[in-house]
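Just below is one structure, and these are the notes that go with it.
The values are calculated or read from the model by the stated rules, or taken from the named source; none is laboratory data. Small disclaimer: the values here were computed from a predicted structure and weren't measured. As a convention, Cβ positions derive from the backbone with ideal geometry for all residues, glycine included, and neighbour counts pool all protein chains shown.
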Amino acid sequence: MTSAAAPSPEQIEDHPAVTDVNEVHCDRLSATERVCRRIADATGAPIALVLAIVVQFAWVGIGMLSHWDPYPFAFLLTCSNILQLILIFVISVAQKQQTMHDEIRAESDHATVSRLLYHQDVQDRLLLRLAERAGIDVSDLQPTIASLLANST
């Protein structure tokens, strides 16, 4: 009796019954959606928050010292508002992409679970047939198996 080696991660990932939802999602994205995704990923990073805070404080400090953009910092507010308006739409596109990705993943998970349940059902029936042919009494398991099969349909 030979023991089968555990499948490598590459073999598991390349299994024909498993869909790579990340690849499917990336294939469906347009060029504009890819750019929006990159911008949303960059602006959602902690470094972007730190950079925004540093720029705001530096601008206020320089504006007060040089009187280039004095209080109430109209130019800073205008730039911030324009940037925020643009980012609202970029983030909305990124959220739509994430929703689409979640839907693809849910459909793939459902298909995979359905295949697994069907495979398990076939195995259960095969084991019962083998047990009957081998003369093993499985009558005590019949009610349990029948209830499980009735609930799965």
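In the condition set (1) in a helix (DSSP H, G or I); (2) over 35 Å from the mean Cα position of the chain (by Cα); (3) not acidic (Asp, Glu), ILE86 is compliant with all but (2).
Condition check ((1) in a helix (DSSP H, G or I); (2) closer than 30 Å to VAL35 by Cα; (3) modelled with pLDDT of 90 or more; (4) aliphatic (A, V, I, L, M)) across all residues:
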residue: VAL90; (1), (2), (3), (4): yes, yes, no, yes
residue: ASP109; (1), (2), (3), (4): yes, yes, no, no
residue: ASP121; (1), (2), (3), (4): yes, no, no, no
residue: LEU126; (1), (2), (3), (4): yes, no, no, yes
residue: SER139; (1), (2), (3), (4): no, no, no, no
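Within the option set ILE12, ILE47, ILE39, ILE53, being within 24 Å of LEU87 (Cα to Cα) and modelled with pLDDT under 90 holds for one residue only, ILE39.
Screening TRP59 on (1) out of contact with any Phe, Trp or Tyr (no Cβ under 8 Å at 6 or more places or on another chain); (2) surrounded by 14 or more Cβ atoms within 10 Å (Cβ to Cβ) shows it passes everything except condition (1). When restricted to residues that are under 15 Å from GLN98 (Cβ atoms) and part of a helix (DSSP H, G or I), region 20-57 contains 15. Evaluated against (1) surrounded by 10 or more Cβ atoms within 10 Å (Cβ to Cβ); (2) at pLDDT below 85, LEU83 falls short on exactly one condition, (2).
In region 90-119, the residues that are surrounded by 12 or more Cβ atoms within 10 Å (Cβ to Cβ) form Cβ pairs under 9 Å with partners that are of a type in the set (Gly, Ala, Ser) and not in a helix (DSSP H, G or I), at six or more places apart or across chains, as follows: ILE91/GLY44; ALA94/GLY44; ALA111/ALA17; THR112/ALA17; ARG115/ALA17.
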